[in-house]
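What follows is a short report on a single structure.
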Amino acid sequence: MNDKIVESPETVVLVGGGACHLPALKAAMTGRVVVAADGGTEAVLAAGRTPDAVIGDMDSLRPEIRARIPAHVLHEISEQDSTDFDKGLRSIAAPLILGHGFLGKRLDHQLAAMIVLVRRAAQRCVLVGAEDVVCLCPPRLALDLPAGERVSLFPMGPVRGRSEGVRWPIDGLDFSPAVQGGTSNEALGPVTLTLEAPLMLLILPIDCLDALLAGLERAPGW
């Protein structure tokens with residue numbers, strides 16, 4: 001059975017109820033399908049769009065906001081065992097999802113979103129914040145980065161990998177949340193990362209977003 005609510009051959013923008021930088025959100029939404037995860041509907045409306053779909057348990061959707069959304073756009077998933085980000089991500093079929101409004105404001109919501117990135121490894125997604133972008137590393141990722149850019153690796157479980165073009169190579173290291181992280185590594189120029197399992201988050205400065213998207217477009221999936 002097809003459980004996808006939104007299907008697109010192009011990038012989809014998924015908007016949550018966390019902090020959103022409206023100019024960046026407006027730019028991301030231009031010419032793309034836009035999905036709101038429950039309370040993210042307000043940010044979409046504030047940016048001058050009506051979402052193409054609203055997905056979630058609707059507990060954060062104020063009545064006056066809900067009244068502005070056509071009934072056929074609302075897709076309620078009432079179960080409480082998953083977050084609205086998870087509900088949205090698993091309900092979209094697209095080559096890439098740009099997630100705005102999932103970084104900032106509440107730390108517990110940010111950490112929950114990181115867990116979902118790993119749990120939904122098959123769906124490629126980049127979370128976009130005011131200062132950082134985050135994604136799950138694919139098996140091999142080549143990035144055209146300028147020297148000096150921050151490259152942080154955050155393991156969500158035991159994982160090993162290899163690297164080229166970073167100041168502190170990761171080859172031979174046993175990463176895990178309890179033992180070894182990779183915070184604040186540094187690009188020496190173009191960077192290549194090879195990971196053995198879908199358990200490593202990559203965190204880059206926001207000005208690396210275009211380079212990250214270009215790299216992900218070429219990268220194999222899990």
Practice problem: Read through the list (1) in contact (Cβ under 8 Å) with a residue 40 or more places away in the chain; (2) open to solvent by less than 10 Å² (accessible area, probe 1.4 Å); (3) not in a strand (DSSP E or B), then give the number of the only condition that Ile170 fails. | Solution: (1)
Exercise. Could you tell me which numbered condition Leu103 fails, if it satisfies all but one of (1) surrounded by fewer than 18 Cβ atoms within 10 Å (Cβ to Cβ); (2) part of a loop (DSSP other than H, G, I, E, B); (3) not aromatic (Phe, Trp, Tyr)?
Key: (1)
Quiz item: For Gly17, all conditions in the list (1) among the small types (Gly, Ala, Ser); (2) over 23 Å from Leu209 (Cα atoms); (3) touching a Ser or Thr at 6+ places or on another chain (Cβ under 7 Å) hold save one; what is the number of the exception?
Solution: (2)
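Kindly indicate whether any position in region 24-31 is part of a loop (DSSP other than H, G, I, E, B) and open to solvent by 20 Å² or more (accessible area, probe 1.4 Å). Before you say what the answer is, go through the steps one by one.
Kept after step one, since they are part of a loop (DSSP other than H, G, I, E, B), are these residues of region 24-31: 30-31.
With the extra rule that they be open to solvent by 20 Å² or more (accessible area, probe 1.4 Å), the set shrinks to 30-31.
Yes, the conditions are met somewhere in region 24-31.
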Quiz item: Quick check: is even one residue across region 69-83 open to solvent by less than 80 Å² (accessible area, probe 1.4 Å), assigned to a helix (DSSP H, G or I), at pLDDT 90 or above and more than 20 Å from Leu209 (Cβ to Cβ)?
Solution: yes
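When you check Glu131 against the structure, is it modelled with pLDDT under 95, open to solvent by 20 Å² or more (accessible area, probe 1.4 Å) and on the phi < 0 side of the Ramachandran plot, yes or no? Break it down stepwise before answering.
Values: modelled with pLDDT under 95: yes; open to solvent by 20 Å² or more (accessible area, probe 1.4 Å): yes; on the phi < 0 side of the Ramachandran plot: yes.
Spelling it out, Glu131 is indeed modelled with pLDDT under 95, open to solvent by 20 Å² or more (accessible area, probe 1.4 Å) and on the phi < 0 side of the Ramachandran plot.
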Exercise. Give the number of residues within region 181-194 that are among the β-branched types (Val, Ile, Thr) and open to solvent by 80 Å² or more (accessible area, probe 1.4 Å).
Key: 1
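Which one is surrounded by the most Cβ atoms within 10 Å (Cβ to Cβ) among residues in region 200-222 that are small (Gly, Ala, Ser) and part of a loop (DSSP other than H, G, I, E, B)?
Narrowing region 200-222 to residues small (Gly, Ala, Ser): 211, 214-215, 219, 221.
After this cut, where a residue has to be part of a loop (DSSP other than H, G, I, E, B) as well, the list is 219, 221.
Details: Ala219: 17, Gly221: 12.
This residue is Ala219.
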Self-check item: Selected residue [open to solvent by less than 20 Å² (accessible area, probe 1.4 Å), among the acidic types (Asp, Glu) and either closer than 25 Å to Glu131 by Cβ or in contact with a strand residue (DSSP E or B) (Cβ under 8 Å, 6 or more places away or on another chain) (or both)] from Asp86, Asp108
Solution: Asp86
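Among the residues of region 9-23, is any without any contact (Cβ under 8 Å) to a residue 12 or more places away in the chain, open to solvent by 20 Å² or more (accessible area, probe 1.4 Å) and farther than 21 Å from Val128 by Cβ? It would help to see each step written out before you state the result.
First pass over region 9-23, keeping only residues without any contact (Cβ under 8 Å) to a residue 12 or more places away in the chain: 23.
Restricting the remaining residues to those that are open to solvent by 20 Å² or more (accessible area, probe 1.4 Å) gives 23.
Restricting the remaining residues to those that are farther than 21 Å from Val128 by Cβ gives none.
Among the residues of region 9-23, not one is without any contact (Cβ under 8 Å) to a residue 12 or more places away in the chain, open to solvent by 20 Å² or more (accessible area, probe 1.4 Å) and farther than 21 Å from Val128 by Cβ, which makes the answer no.
Could you pull out the residue among Ala147, Ala197, Ala178, Ala121 that is in a loop (DSSP other than H, G, I, E, B) and open to solvent by 80 Å² or more (accessible area, probe 1.4 Å)? Don't jump to the end; show me each part of the working.
Values: Ala147 fails: open to solvent by 80 Å² or more (accessible area, probe 1.4 Å); Ala197 fails: open to solvent by 80 Å² or more (accessible area, probe 1.4 Å); Ala121 fails: open to solvent by 80 Å² or more (accessible area, probe 1.4 Å).
Ala178 is the lone residue from the list that is in a loop (DSSP other than H, G, I, E, B) and open to solvent by 80 Å² or more (accessible area, probe 1.4 Å).
The values are calculated or read from the model by the stated rules, or taken from the named source; none is laboratory data. Keep in mind the model is a prediction, meaning the values are calculated, not measured. Note that we place each Cβ from the backbone using ideal geometry, even for glycine, and neighbour counts take in every protein chain shown. Calculation scope for accessible area: heavy atoms of the full protein, side chains included, ligands and nucleic acids excluded. Shrake-Rupley method; radii C 1.70, N 1.55, O 1.52, S 1.80 Å.
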